[in-house]
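Structure first, commentary second.
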Amino acid sequence: MTLKNVPKQQEQISKKDEKELYNAIDQSIAHQKHHEHELRQEFEIATKIDHDICVQQEMEAKETLYALVDASEQSLAQHDLELKKELKMAIKADHDKCLEIENKVKNVLDDAIDQSEQHRIYHEEELKREFEEANRVDVANCQKLGV
């Protein structure tokens, strides 16, 4: 080999190396793009799975909330029934107490009427006796006077 041929060989080697280098770069870029595409697909799948999990958790939370609302409504309805029952019992007890008081008042009034009637009869009989006594005295006085 002559010295004149060395630069040509180096030039050929350099062109060959450059071509291999470009091929390696192209392959690296293609590999990187392929890897990037796989990562995007994995990201989209993970995002969908995450979304599905969130939707599922949201549905479970709604179901739990609805169950709590139903339980709360049932509890309120039960409590309402208990309160109504207690109110009815209180009204009945109050009504019974009112009837008891009404009967006591009626009995007191009946006793007062009876006493008043007895008192009236007593006074009537007393007045009748006094009148009869006064008549006897008048008759006796008239007889004394000769009338």
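Can you give the net charge of the other residues whose Cβ lies under 14 Å from the Cβ of Ser116, counting K and R as +1 and D and E as -1? All intermediate terms of the calculation are to be shown ahead of the outcome.
Working: positive: Arg120; negative: Asp110, Asp111, Asp114, Glu117, Glu124.
Summing Lys/Arg as +1 and Asp/Glu as -1 gives -4.
With a sphere of radius 13 Å drawn around the Cβ of Asn103, what net charge do the other residues whose Cβ falls strictly inside it have (Lys, Arg +1; Asp, Glu -1)?
-2
Each residue of the stretch 99-115 in order: what ³J(HN,Hα) in whole Hz does its phi give by Karplus 6.51 cos²θ - 1.76 cosθ + 1.60, θ = phi - 60°, with x for Gly and Pro?
These are the phi-based 3J(HN,Hα) values: 4, 4, 5, 4, 5, 4, 4, 4, 5, 4, 5, 4, 4, 5, 5, 4, 5 Hz.
Using helices alone, what [θ] at 222 nm do you get for the chain, with -39,500 (n - 2.57) per DSSP H run of 4 or more residues, divided over all residues and rounded to the nearest 500?
Details: 1 runs with 141 residues, N = 147.
Mean residue ellipticity, 222 nm, calculated: -37000 deg cm²/dmol.
Cross-link partners among lysines for Lys16, C-alpha distance below 18 Å, same-chain residues fewer than 8 apart left out?
Reachable lysines: Lys8.
So with the 1.4 Å probe, I'd like the accessible area per residue for the chain, rounded to whole Å².
Values: 14000 Å² over 147 residues.
Accessible area per residue: 95 Å².
Restricting attention to the stretch 82-147, which GluC sites (Glu not before Pro) occupy a DSSP loop and are surrounded by at most 15 other Cβ atoms within 10 Å?
Here no GluC sites (Glu not before Pro) fit, given the DSSP loop and packing criteria.
Along the stretch 130-147, what does the Karplus equation 6.51 cos²θ - 1.76 cosθ + 1.60 (θ = phi - 60°) give for ³J(HN,Hα), rounded to whole Hz, x for Gly and Pro?
With the stated coefficients, the stretch 130-147 comes to 4, 5, 4, 5, 5, 5, 4, 5, 4, 5, 5, 5, 5, 5, 5, 7, x, 8 Hz.
State the percentage of accessible surface on the chain attributable to carbon and sulfur atoms; use a 1.4 Å probe and exclude ligands, DNA and RNA.
C and S fraction of accessible area: 59 percent.
If I take the Cα coordinates of the stretch 17-65 and project them onto the principal axes, what are the three extents in Å, biggest first?
For the stretch 17-65, the Cα spread along each principal axis is 69, 7, 5 Å.
Just subtract the alpha-carbon distance of Glu36 and Arg120 from 0.36 nm times their residue separation and send over the number in nm, one decimal.
My answer for the length gained is 18.1 nm.
What distance in nm lies between label points placed 7 Å from Cα along the C-beta direction at Lys97 and Leu145?
Inter-label distance under the simple model: 7.0 nm.
Give me the Debye-computed log₁₀ of I(q)/I(0) at q = 0.11, 0.16, 0.17 Å⁻¹ for the chain, equal point scatterers on Cα only, no solvent, two decimals.
One equal scatterer on each Cα of the chain leads to -0.90, -1.08, -1.11.
Straight-line reach from Lys15: which lysines have Cα under 23 Å away, leaving out those fewer than 8 places along the same chain?
Lys4
The values are calculated or read from the model by the stated rules, or taken from the named source; none is laboratory data. On a predicted model such as this, the values are computed, not experimentally measured, just so you know. Note that each Cβ is placed from the backbone with ideal geometry, even for glycine, and that neighbours are counted across all protein chains shown. Protein only, heavy atoms only, side chains kept; ligands, DNA and RNA dropped before computing areas. Shrake-Rupley method; radii C 1.70, N 1.55, O 1.52, S 1.80 Å.
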